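Trainee: Below is one structure. I have some questions about it.
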Amino acid sequence: MRGAPRRSGFSLVELVVVLAIATLAAALATPDVLRLSSGLRVRSAAAAVAGALRSARALAVREGANAAIRFRSDDDAVFYTLYKDGDEDGVSNADIDSGVDPPVGPAHRIRHLGSRIRFGFPPSDRPPRDPSDPRRVLTRLDDPIRFNRSNLASFNPLGGSTPGSVYLTDGLHHLTVVRLYGITGKVRTLSYDYARESWH
């Protein structure tokens, strides 16, 4: 006598249980995935800003003239423009606005910057430490672009620059700084760890 035929596949109840478990696992993993993705976008934006600063330095050295980069943003995107000194007194906002210091090419959009990824600092009840001096906390958190209280990163024909920093955030958890060192014009990118209160 033959036994009852064996079933293959899943019953409806088994399928519902498997789908419920998969949905729960995805829901638990989503915040971590979104946080990781946001952190990657902040670091990618910082790399783009660092690349823009290096381009400005290369222009100054190549042309044997003072040059500068100026950042601007609107609601959806961030742009930078390179400018060349037109009257041999350094690039200034006044000379840019009057047309004395001309742009070198069109404005360039910085990928990954715009909407959630922006210049600034995430909200926190603990201000981040100053990357120049970890014993102090940062002040002026309404000013994320800092080149001697200007928004112009200037370079001389020898490759030296205005020292300064540009801070980028996702507005939630991540903070990155692009630092420009004056004498050498070197560019370095650091990320802030709020748990450890340190830059790395």
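Trainee: Looking at PRO127, PRO123, PRO134 in this structure, which one is touching a strand residue (DSSP E or B) at 6+ places or on another chain (Cβ under 6 Å) and more than 30 Å from ASP101 (Cβ to Cβ)?
Mentor: PRO127
Trainee: Only residues that are surrounded by fewer than 18 Cβ atoms within 10 Å (Cβ to Cβ) and over 18 Å from ARG41 (Cα atoms): list them for region 166-193, please.
Mentor: Result: TYR181, GLY182, ILE183, THR184, LYS186.
Trainee: Only residues that are in contact (Cβ under 8 Å) with a residue 12 or more places away in the chain, of a type in the set (A, V, I, L, M) and not in a loop (DSSP other than H, G, I, E, B): list them for region 137-148, please.
Mentor: Passing the criteria: only ILE145.
Trainee: Here is a follow-up. May I ask you to list the residues in region 146-167 that are under 8 Å from GLY185 (Cβ atoms) and hydrophobic (A, V, I, L, M, F, W, C)?
Mentor: Within region 146-167, the subset under 8 Å from GLY185 (Cβ atoms) is 155, 159-161.
Residue satisfying the conditions is PHE155 alone.
Trainee: Select, from PRO106, PRO122, PRO134, the only residue that is closer than 25 Å to GLY39 by Cα and assigned to a loop (DSSP other than H, G, I, E, B).
Mentor: Going through PRO106, PRO122, PRO134 in turn, the sole match is PRO122.
Residue-wise test of (1) in contact with a Lys or Arg (Cβ under 8 Å, 6 or more places away or on another chain); (2) modelled with pLDDT of 90 or more; (3) buried (at least 17 other Cβ atoms within 10 Å of the Cβ).
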| residue | (1), (2), (3) |
| --- | --- |
| LEU36 | no, no, no |
| LEU53 | no, yes, yes |
| ALA68 | no, yes, yes |
| SER73 | yes, no, no |
| LYS84 | no, yes, yes |
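The values are calculated or read from the model by the stated rules, or taken from the named source; none is laboratory data. Nothing here was measured: the structure is a model prediction, and the numbers come from that model. No Cβ is skipped: glycine too gets one built from the backbone with ideal geometry, and neighbour counts run over all protein chains shown.
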